[in-house]
Structures are given as structure tokens and as C-alpha cells.
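Below is one structure, written out as C-alpha cells; comments come after it.
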Amino acid sequence: MILASPSRRRVRLPAMARVVVDVMPKPEILDPQGKAVTGALARLGFAGMSVRQGKRFEIEVEGEVTEDRLEDVRRAAETLLANTVIETFDVRVEAPPESPEEDEPDDDEIEPADQSDQDESNEQAELAATQAG
Amino acid sequence: MAPKIGVVTFPGSLDDQDALRAIRLSGGEPVSLWHGTDSLDGVAAVILPGGFSYGDYLRCGAISRFAPVMAEVIKAAEAGMPILGICNGFQILCEAHLLPGALIRNDVRVFVCKDQDLQVESVDTTWTSDFTAGQIINIVLKNGEGGYVADEETLRRLDGEGRVILRYVNGNPNGSFHDIAGICNQRGNVVGLMPHPEHNVDFLTGPTQDGRPFFTSVLNFLAAKV
């Protein structure tokens with residue numbers, strides 16, 4: 001085959017998982033941004049809402065997210081993403097990112113795919129299952 | 001020969017030229033240092049200037065703290081070299097853990113730019129020895145994130161060990177704990193402060209020359225060392 005079929009292109013994408021790092025100012029640290037947002041919400045009529053503002057980092061991690069990889073992310077968060085003098089952080093794994101061109105073929109969808117494609121596809125499904133667990 | 005004092009330029013530094021000029025006016029030999037090099041070019045002291053290095057992305061000073069030159073600055077600081085961080089430089093020193101605590105957004109939620117009254121608290125540092133303890137000075141303050149914060153234990157230690165070098169007087173402009181405007185490390189060679197002494201060295205551009213003693217202090221210290 002000379003031209004890659006769409007299905008081949010799909011399954012060739014590297015396996016990626018998303019790890020999310022949430023960073024929040026510590027409760028005892030003043031949060032002027034959150035205060036400003038709280039004030040603006042009250043002015044807009046959203047009563048009884050008190051806001052603290054933090055940051056969310058979405059990290060696409062190549063390959064399987066093992067405990068070691070998560071430990072790497074935690075170290076990255078502690079080294080750079082958060083300043084632990086004033087902030088706390090939380091690391092968690094999210095489902096793999098979705099994008100319109102990367103639709104996984106449905107199980108019951110009949111697609112012209114050769115065996116190697118099918119194998120890779122199964123690998124991806126397995127990976128997704130591991131990550132979900 | 002006049003002692004060489006380096007000023008690091010990061011992408012987004014604003015006051016590097018004024019710092020270089022202040023060194024020259026005070027009798028030192030200014031040396032420009034680039035953030036991307038790993039050489040301090042034989043300088044005897046280093047100033048991290050004010051500005052918005054790396055656009056203040058992530059947190060003020062968080063990315064600059066890992067610039068190649070900073071590995072050398074940290075090594076030199078630990079070996080006793082005089083290091084002064086002004087404003088953004090102070091933020092970088094805190095991010096690098098050369099100084100304790102952190103600087104957060106001003107409690108007043110606006111950028112503050114004013115001639116600020118300050119009290120010199122500690123003169124036992126390489127950057128403040130030419131002042132007299134308790135002296136009231138006036139230096140320009142200009143920042144959006146100058147609120148000094150630290151946990152109670154750290155604040156107690158800073159106060160107890162005489163490591164607060166400058167305090168805001170006649171009003172706290174940004175919510176800094178204990179009115180702290182500047183601190184030093186245990187050894188007194190690393191100093192960070194939010195006000196800008198490099199702008200107050202010449203009556204042409206500032207209402208006082210109260211910034212000069214910071215530069216003459218270190219030059220006298222370095223001259224005495226030789």
C-alpha cells in the first residue's frame with residue numbers, strides 16, 4: 001500500500017496521557033486575585049460566592065503513566081510549577097486527550113484495517129484501560 | 001583597581017542599565033552579565049536587577065531562577081560572594097531559596113510606584129554597612145508583586161537574627177508581613193529588597209541619593225578584602 005489509510009494514520013499517533021497539576025495558594029496566604037474576582041462576581045449579582053484563584057497545568061505525558069512517571073510529574077511540580085512556600089499542588093491522571101482527527105474507531109465499526117493496525121489498536125485500548133484504573 | 005560588580009540581564013530585565021550606572025557612579029567597575037552564560041566573568045559581586053524577567057510568566061522569578069547564570073550565582077552566594085537582588089532580583093533570590101519567604105501580589109491590588117520612606121534596620125550586611133542603624137531613607141518603590149510573606153517561624157527567625165535590613169515606615173504600601181522591605185541571608189552576603197536604590201544615586205533623576213550607600217557598602221567591603 002502506498003498511501004496510508006485514515007485508520008492507519010489514527011493508530012500511529014503516539015500513546016499520550018494527560019496528567020493535571022492543580023496549584024492553589026495556601027489558605028493562609030492572601031489571594032488578591034481571588035479577592036478581586038470575588039468582588040466582581042458580587043457586583044454582577046452572583047451572591048454568596050467566595051473565590052480563590054489557582055493555576056491548572058495540563059501535561060501530556062508520552063507513553064504509559066506509571067507510578068515512576070507520576071513521581072517525575074510531582075517532582076516537576078515541586079521544582080517549578082508550584083512555589084511550596086506559598087502554594088500547594090495536586091497531581092492526578094486524566095483520560096487521554098481527544099481531538100476530532102484522533103477518534104478511536106468504534107468496536108462495532110467495520111474498518112479496512114490490516115492485522116498490525118488492529119494490534120496497535122488493541123494496545124491503545126489496553127493502555128487506556130490501565131490509565132483509567 | 002576598582003572592584004568589578006556584575007549585573008545580570010535576563011530577557012525582560014528593565015533596570016540593569018541603571019544598576020550598571022549606579023555601580024560606576026559609586027566608584028566600581030560595572031560588568032554586564034548575560035542570563036544565558038554560565039560564567040560570572042571574574043566579578044566580585046553580583047546584582048540581579050529589577051524588571052519583569054521572562055515576562056513574570058508562571059511566577060515572578062520562577063523561570064529566571066533556573067537560567068544558566070543562576071547556577072553560578074547560587075554557587076558564588078554559598079561561597080560568600082555579595083549578591084544583591086532588587087525587586088525582581090529579590091523575587092528571583094526567594095525563588096532560588098537563597099532567601100526565605102516569597103513575594104506575592106500587593107494587597108492593594110494595584111501596581112505601586114512612589115518615593116517610599118524606609119528604616120534601615122540591619123547594617124551588618126555587605127550591602128548596608130555604610131548606613132547607620134535606624135536611619136530613615138527615601139527610595140523609589142515600584143512593583144505589582146512586592147508583598148513579602150513567610151511563615152511565622154521564618155518571620156520570628158528573621159526578626160530575632162537581625163536579618164530584616166529594611167522596613168517600610170509611614171505606611172505599608174503592599175501588605176508585606178512585618179513591614180518587611182528587605183532581608184538578608186544568615187551570612188549577610190545575600191540581600192534582597194523591593195525598593196530600587198539604583199534609581200536614587202543622582203539628583204538629576206531622583207529626589208534623594210539614599211541609594212548610594214548600598215553600592216558604596218559593597219565596594220568598601222570588597223576593597224577591605226583585597
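The values are calculated or read from the model by the stated rules, or taken from the named source; none is laboratory data. None of the values given here were measured: they were computed from a predicted structure. Here the Cβ is made from the backbone with ideal geometry for all residues, glycine too, and neighbour counts use every protein chain on show.
Tabulated data for the structure shown
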read-out	value
Qualifying residue in the range B:80-88 (condition: touching a His at 6+ places or on another chain (Cβ under 7 Å), of a type outside the set (Phe, Trp, Tyr) and farther than 20 Å from A:Leu81 by Cβ)	yes
Check on A:Pro25, surrounded by 11 or more Cβ atoms within 10 Å (Cβ to Cβ), touching a residue at least 60 places away in the same chain (Cβ under 8 Å) and within 12 Å of another protein chain (Cβ to nearest Cβ)	yes
Checklist (1) over 17 Å from the mean Cα position of the chain (by Cα); (2) assigned to a loop (DSSP other than H, G, I, E, B); (3) more than 14 Å from chain A (Cβ to nearest Cβ); (4) closer than 25 Å to B:Asn106 by Cβ applied to B:Phe203, failing item	(4)
Single condition A:Thr79 does not satisfy, out of (1) under 15 Å from the mean Cα position of the chain (by Cα); (2) within 13 Å of chain B (Cβ to nearest Cβ)	(1)
Subset of the range B:66-90 that is outside any loop (DSSP other than H, G, I, E, B) and surrounded by fewer than 21 Cβ atoms within 10 Å (Cβ to Cβ) - its residue that is farthest from the other protein chains (Cβ to nearest Cβ)	B:Ala76
Extreme residue, farthest from the other protein chains (Cβ to nearest Cβ), among residues of the range B:48-61 that are under 24 Å from B:Trp127 (Cα atoms) and surrounded by fewer than 24 Cβ atoms within 10 Å (Cβ to Cβ)	B:Gly51
Qualifying residue in the range B:23-31 (condition: in a loop (DSSP other than H, G, I, E, B), farther than 19 Å from B:Leu222 by Cα and small (Gly, Ala, Ser))	no
Answer from B:Leu103, B:Leu158, B:Leu141, B:Leu98 - the residue that is within 14 Å of chain A (Cβ to nearest Cβ), part of a strand (DSSP E or B) and in contact (Cβ under 8 Å) with a residue 40 or more places away in the chain	B:Leu103
Some residue of the range B:29-47 being within 14 Å of chain A (Cβ to nearest Cβ), touching an Asp or Glu at 6+ places or on another chain (Cβ under 6 Å), in contact (Cβ under 8 Å) with a residue 12 or more places away in the chain and surrounded by 20 or more Cβ atoms within 10 Å (Cβ to Cβ)	no
Residue tally, condition within 14 Å of chain B (Cβ to nearest Cβ) and within 17 Å of the chain's Cα centre (by Cα), over the range A:82-96	1
Filtered residue count, the range A:28-69, keeping only those that are more than 30 Å from B:Ala102 (Cβ to Cβ) and either in contact (Cβ under 8 Å) with a residue 24 or more places away in the chain or assigned to a loop (DSSP other than H, G, I, E, B) (or both)	10
Residues of the range B:207-225 satisfying the condition of being closer than 18 Å to B:Pro30 by Cβ and modelled with pLDDT under 95	B:Ala223
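Let's see how each residue does on (1) at positive phi; (2) buried (at least 19 other Cβ atoms within 10 Å of the Cβ); (3) in a strand (DSSP E or B):
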position	(1), (2), (3)
B:Val110	no, no, no
B:Cys113	no, no, yes
B:Leu118	no, yes, yes
B:Thr125	no, yes, no
B:Tyr148	no, yes, yes
B:Glu153	no, no, no
B:Leu166	no, yes, yes
